[in-house]
Every structure is written in C-alpha cells, then in structure tokens.
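A quick write-up on the structure given underneath.
The values are calculated or read from the model by the stated rules, or taken from the named source; none is laboratory data. No experiment lies behind these values; they were computed from the predicted model shown. Neighbour counts are summed over all protein chains in view; Cβ atoms, including those assigned to glycine, are modelled from backbone coordinates with ideal geometry.
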Amino acid sequence: MPPAISSPPEPAPASAATALHADVAVIGGGVIGHAIAWEVRRSGRSVVLIDDAPGNGASWAAAGMLAPVSELHYQEEDLLELMLASSGLWPAFAADLALAGAGDTGYLTTPTLAIGADAADRRALMDLRAVQQASGLVVEPLTVREARTRESLLSPAISCALDIPADHQVDPRRLVACLQEVLAIHEPGAGTAVAGARAGFAVDQRAAALLWEDGRVIGVKLAHGGTVQARETIVANGLQAGSLEGLPVGLHLPLRPVYGDILRLAVPRHLRPLLTSTVRGMVHGVPVYIVPRQDGTVVIGATQREDALAGSGDAAVSAGGVYQLLRDAQVLVPAVSELELLECTARARPATPDNAPLLGRVPVSAPRTGNTANIAGLMVATGFFRHGVLLAPAAAAICRDLLDGRTDPRWGALSPARFSGKHHVAGTQSPDKDISSTKDLDPQKESA
Ligand SMILES: Cc1cc2nc3c(=O)[nH]c(=O)nc-3n(C[C@H](O)[C@H](O)[C@H](O)COP(=O)(O)OP(=O)(O)OC[C@H]3O[C@@H](n4cnc5c(N)ncnc54)[C@H](O)[C@@H]3O)c2cc1C
C-alpha cells in the first residue's frame, strides 16, 4: 500500500502578474531535466525548464559513461533492467537529437576494457564477471598481450583485461548543450514556444515551491517572483528535490550527496590517441577510469566521498582525491603523467538509500480504505546517483508515458514514495473517505 501523502496544508499563492503558462513545467536543468523536457516537447507539448544554473550540477562533472555492464554492482541487480533499457534507447536518442538539428553530443559506441592492476584486482574483476554473466551480460577475458595490442599505452604490468563491448560513452556537457539547442527550436505554428520564457522554454530562476489548487499541482512558484502555471510539473532538481517547498505532505525524498572528484586532461599530439576504449581499472582495490574523448582530451575519475570538505561548498575538490586518481590512472597507463591537467572538478551525486532513482507519480492512500490515487499534475525524477547520464533517455521515456496516461509496471518499484513510510499526516484526509480522485485530497475541502 502506498504511504499516506497529501497536498500541503497551505496552497502557495500564485502571482498572476508574471505568470508563464505551459503544458509541462520541469524543475531542474541537469541531464535528467533536459532529457525529460525534450521528450515532452517531442510529444507536442509546450514545456518550460526552470533552473538558474542549468547544466551546472552533477551533470557538469559526469564522465558520461553509458555503462550498464561495468556499473553493475553487487546487490544492485534490480537496477540492471532500467540500465539496460536506457542503454538500448541511447542510439536512437542520440540519432534523433542529430536529426532534430543538434550538434555533436560526443556519443560514441567505443567499447570498455576492465583492467586489473594486481592479483587481488584480477580476482575481484573475475568475481564481478561471474555476477555480470549470471545476468546475461557479455564480459570477455583478453590476454594482456591482446589488450596491449588494442591499447598500446596500457602498462605491461597489468594483471588482467576484460572486454566489455556494450559500455559506451557520451559527453554530458555537450549533451546538455545539444538538448538546449533543440529545445530552442520551435516549428512555426506548433505553439510550443512559451511566451515570456527565454528561447521559448528556459526560465533562468530557481523554483521556490509547488503551486496547488483543488488538490492538484498546478505549477511552480519562482524564487524571485512570478509563477509558471502548468498542467503537469516534474520535480527533477537532483539533490535539492527534497527541499522544494510545497511537496506533498508526508512525501520523503531521502537524497544524500555522494561527492565525486574528476579530472580533465589534454593529451599531447605525440601521444594521441592515448586510448581508443574507455579503461575502467581496479588498482589495489580502488576503482579508477579513463575515458578518451574525440577532441584529444581524457576524463579521469572518479572518487566517491560521502563527507563534504570542511568549510567548502559542494564543488570543492579534494587534494587527496586528485592525487589518488592520477596515481592509479598512471598504474594502468603510465603516459598519464605526460598529460596536461586542464581541470579538477567536484560535484555531488544525488543518491538514495537503495541507489535507485525516485521516478514516477506520487501515490497516496486513504487512511482506512487503502484506496489509492496519484497526486494529479505531479511527477518526480531524481536520485540518479552514478547513472544519470545513462538513464536520461529512460527517465524521459517513462515521464512521457506517464504524461500520456501509460504506466509500465516494470518501473513501479522506482516510486518516489517508497521511502515515505505508512503514517498519515494529521488533518489532511478524512479517515473513512475513499479516494476516487485526487480532488478528494484537497485539504481545504477537508476542513470546509
Ligand atoms: C564525478 C561524477 C562522475 C559521474 N559519471 C557518470 C557517468 O559516467 N555516467 C553516468 O551515467 N552518470 C555519472 N554521474 C552521475 C550523473 O552525473 C548524475 O546522476 C546526473 O548528473 C544527475 O542528473 P540530474 O539532472 O538529476 O541532476 P543535476 O545534474 O545535479 O541537475 C540538477 C539541477 O537542478 C538545479 N536546481 C536545484 N535546485 C533547483 C531549484 N530549486 N529550482 C530550479 N533548479 C534547481 C541545479 O541548478 C541543477 O542544474 C557522475 C557524477 C559525478 C559527480
């Protein structure tokens, strides 16, 4: 039975003076919000994307590995179906973006090599391979000689190599820029350009609160005044989703930051290409990866820290993290020491207790009868942790299905309400009242 969640006691006031109107409002402009916004647009709806710093959250740091196979972790097998589904959507997603007039997303189907440094790393990678194979995934051992034939700059001292052909990559920064490009295109007469929004879709402000009326969400109150009125609102602002005002009472979005340091480096001409495959290493028990881009740069990542650096913001880079990444990457590819360090970046991944996203509509149940309904006009899409880039096409497709009234039972386990407990919030719902529509959840009607 879904937990008791209801609309908040006080609907936020709407400011008619600066109201924008769209079919759908998306809060948060990371890869998830942008991908959803584009899918919404492709469905023929008008959309606004609300974010004062679009693309600057976790998506700015991401390496862009599309890696359902090498990202399979112990006890996260449930996520695999979603990761594989999204991986399967990626070729068409990238091709459609190009067809729609976007530039280069950096989507590449180059394979991945898993590399172990020492004997223990080899055992760990072979144990993981057993799990991957049990899930029907293709992970083929190579001899060190075979691996070095493919990648001549790999160290001769590595202990093992495994070929993972299904794990690919995209450049997340380019991806967001491409999505912005296509969102700014409005066919004449299509009616998709939202009056008052930059490029007909962008609202460069923070969302302050959800707006409610008659028990349904009707849009967004903006932080610096004004509103966006929309038939559907999608909460996709990553780590901050849980602190949005006006979330349904009782809805708990337990997001925690998992910080990651990541590096970008330029490969000198005489060393290009440094690699042709993505290399995912295990070096004395610590993971590290090197992702080669077509522009002659590589991305080396990424640490996972649960604690923020003292006194600094979420974007503070750990010196120890940078040291560890360069040290371990050089164990696998010694020429890393000859690269030019361009950028050290850190961001926080939006993680959930079970590492799966919070994705879908928000169900509510009547206290006594247990009858359920979804809160009208509201969806949540956050908590993508390590996989947001990979999962962006699937998240977009799932949201579009929900907008169109289709529910796929495969994704029911991702319900945003799954951590919200079973206790009802006092004073919001008559105990013996059946929920036949979300209108019945209007707290004002209850007190009337
Ligand atoms: C170092 C690192 C490496 C990674 N590598 C990969 C990888 O290789 N592959 C992969 O699939 N994933 C990877 N990830 C994970 C991926 O980056 C995230 O899962 C993904 O970016 C989440 O996207 P998002 O849109 O949900 O969140 P974000 O990108 O964090 O976007 C959230 C947006 O919401 C906005 N926002 C916040 N509050 C408000 C508000 N009140 N109103 C309006 N807007 C608001 C922010 O400004 C931000 O732009 C990596 C992450 C890190 C940190």
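Summary table
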item	result
Any hit, region 238-261, residues being in contact with a Pro (Cβ under 9 Å, 6 or more places away or on another chain) and more than 26 Å from T352 (Cα to Cα)	no
Whichever residue in region 324-346 is within 16 Å of the ligand (Cβ to nearest atom) and in a helix (DSSP H, G or I) and, among such residues, is surrounded by the fewest Cβ atoms within 10 Å (Cβ to Cβ)	Q324
Tabulated pairs, region 72-95, first not in a helix (DSSP H, G or I), second not hydrophobic (A, V, I, L, M, F, W, C), C-beta under 8 angstrom, 6+ apart or interchain	L72/Q132; L72/S135; H73/N355; E76/N355
From the options R368, R349, residue that is surrounded by 20 or more Cβ atoms within 10 Å (Cβ to Cβ) and either within 20 Å of I27 (Cα to Cα) or more than 8 Å from the ligand (Cβ to nearest atom) (or both)	R349
Candidates V194, V298 - the one that is of a type in the set (A, V, I, L, M) and assigned to a strand (DSSP E or B)	V298
Filter result for L378 (assigned by TED's automatic domain parsing to the domain that holds S152, of a type outside the set (V, I, T) and assigned to a strand (DSSP E or B))	no
Residue in region 394-404 that is surrounded by fewer than 23 Cβ atoms within 10 Å (Cβ to Cβ) and either among the aromatic types (F, W, Y) or under 15 Å from H34 (Cβ atoms) (or both) present	yes
Selected residue (only one of L210, L251, L265 is touching a Ser or Thr at 6+ places or on another chain (Cβ under 9 Å), more than 12 Å from the ligand (Cβ to nearest atom), part of a strand (DSSP E or B) and in contact (Cβ under 8 Å) with a residue 12 or more places away in the chain)	L265
Tally of residues being more than 13 Å from the chain's Cα centre (by Cα) and either acidic (D, E) or over 30 Å from S135 (Cα atoms) (or both) across region 57-97	7
